[in-house]
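One structure below.
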Amino acid sequence: MRARITTCGVALAIAIASIVFGDEIHLKNGNTITGLIVQETATTYVIDLGFGTTEIETSRVRTVDRSESGQSMREAWQRKYFLQKRYVPDAQTGIAGTYRRLLNQRARARASRKELPKLRAAIAKARADIQIMEKRRIAVGEQLQSAELDAKNPAQVLAYNKLVTENNILSSKRSTTYEGIRTNEQRIKGAGKSVGTYTRELEIFNQHFTNHRAAYARRGRTNEEDVFLNEMARRLEGFNKEFRSYKVATRQRGNGILVTVRFNDSIDATYMLDTGASFVTLTPALAQRLQLDTSQVQPAQLTVADGRRISALPVLLKSVAVGGARMERVEAVVMEGAAGTGVEGLLGMSFLRGFLIEVDPGTSSLVLKRLER
């Protein structure tokens, strides 16, 4: 039921959903306000709306229907506005504060997750633009090397200067584009950290809440505490449904964990889980099997675990899947020595940062969790 009232010149939109009990003040303009009348004078009604009170002048009122279901309405308000100070039982203020912090983390995580696809798409486009610019820059360089330049020939000088200008512009754009990629990569890391932090905090809170609720069940709870804790449990259940867990089959090799990775929905390969690797790595042979064209890709310099600087070719994979956990547009690098004995590469953070990683060292069981709503 909806009503619009004006108090002190401010229009307030009031919606009381799915509530069919309470006092109803029917206004002369056709609107109806539902709540609990807490005070009445010859000139005004003071009505509690659940989240606050407002005054209605009696001159604006056509009729008033009074209800005997005030307690039911208060319980409905307690569920709807359960985190408001007026509805938090004194003994529950601590867990209410922790829950509010969890809500803030959830809001940041969901905003970050929403931003991730846009950032990845921007990086992919930037890399494609760089390849186009690089091809053109190479072509311009070749034209400059072969150009005939007679300082006394204005046309030749003009054409040569145009090529020099274009080469400088391409170099500048290339640098700017690389800087944009680095910025977006940092934003992706930050977004992944935000999602991971919320995931871990939710797991911690789930356990804390279970213990907290059990303790109050043993000692006995008031009706207000029952309503409050039941509502928190209901909302937590919704939060947990926003996540999806993927159990991944693994094999142990020494201190390493091996998994089967499917690339581009077609090629399977044995990989080692490596949270210390920035990228998914590919051998040249696997890149060839995936039909990745690296002929025009400019090498990048990477620092590996032992501190060495090596040359690698950055590529973008259509998809990477481990068990049921799948991501699209995953950055990878093609490099010699990308694989160890019995493996074809490293499953690095360009894939793993999208998930919370749970590993049981004893059984090597792997669970990947991702916020999906």
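Only the coordinates and a few stated rules stand behind these numbers; no lab work does. Note that the coordinates shown come from a computational prediction; the quantities given were computed from them, not determined experimentally. No Cβ is skipped: glycine too gets one built from the backbone with ideal geometry, and neighbour counts run over all protein chains shown.
See the values below:
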read-out: Value of [θ]222 nm, deg cm²/dmol, for the chain, DSSP H segments ≥ 4, -39500 (n - 2.57) each, nearest 500; value: -15500 deg cm²/dmol
read-out: Base-10 log of normalised Debye intensity for segment 244-371 (one unit scatterer per alpha-carbon) at q = 0.09, 0.13, 0.16, 0.21 Å⁻¹; value: -0.24, -0.50, -0.76, -1.29
read-out: Sparse-neighbour loop sites [trypsin sites (Lys or Arg not before Pro); segment 152-190; at most 10 other C-beta within 10 Å; DSSP]; value: Lys152
read-out: In order through segment 130-141: 3J(HN,Hα) via Karplus (6.51 cos²θ - 1.76 cosθ + 1.60), integer Hz, x for Gly, Pro; value: 5, 4, 5, 4, 5, 4, 5, 5, 5, 5, 5, x
read-out: Rel. contact order, % - alpha carbon contacts under 8 angstrom, at least six apart, segment 244-371; value: 35 percent
read-out: Efficiency of FRET from Cβ geometry, Gln252 and Ile132, R₀ 41 Å, rounded to 0.05; value: 0.35
read-out: Percent antiparallel among DSSP beta bridges (both partners in the chain, rounded to 5); value: 90 percent
read-out: Label point distance in nm, Arg60-Asn168, each placed 7 Å from Cα along Cα→Cβ; value: 6.9 nm
read-out: Integer Hz, Karplus 6.51/-1.76/1.60 couplings in order for segment 121-126, x for Gly and Pro; value: 5, 5, 5, 4, 5, 4
read-out: For Arg253, residues with placed amide H under 5 Å, excluding near neighbours; value: Leu258
read-out: Values of log10 I(q)/I(0), in the order q = 0.15 Å⁻¹, for the chain under a Debye, Cα-only, solvent-free model; value: -1.25
read-out: Karplus (6.51, -1.76, 1.60) ³J(HN,Hα), θ = phi - 60°, over segment 174-184, in Hz, Gly and Pro reported as x; value: 4, 5, 5, 5, 4, 5, x, 4, 4, 5, 5
read-out: Gain in span if fully extended, Arg234 to Arg86, counting 0.36 nm per residue against the direct Cα distance; value: 51.3 nm
read-out: Relative contact order %, the chain, counting alpha carbon pairs below 8 Å whose residues are six or more apart; value: 13 percent
read-out: Computed FRET value (nearest 0.05) for Glu358 with Ala151, which takes r as the C-beta separation and R₀ as 51 Å; value: 0.15
read-out: Those GluC sites (Glu not before Pro) in segment 235-341 that DSSP places in a loop and that have at most 13 other beta carbons within 10 Å; value: Glu336
read-out: Approximate spin-label separation Glu115-Gln143, in nm, with each point projected 7 Å along Cα-to-Cβ; value: 4.0 nm
read-out: Net length gained if the chain between Arg309 and Asn29 were fully extended (0.36 nm per residue, minus Cα distance); value: 93.1 nm
read-out: Cross-link pairs beyond the 30 Å C-alpha cut-off, checked among Lys114/Lys173; Lys152/Lys173; Lys125/Lys189; Lys80/Lys118; value: Lys152/Lys173; Lys80/Lys118
read-out: Only Lys, Arg (+1) and Asp, Glu (-1) charged, at Cβ; the chain dipole about Cα centre in debye; value: 80 debye
read-out: Cβ-Cβ FRET estimate between Ser245 and Arg101, R0 fixed at 30 Å, reported to 0.05; value: 0.80
read-out: Considering only segment 231-361, percent of DSSP beta bridges that pair antiparallel, nearest 5; value: 85 percent
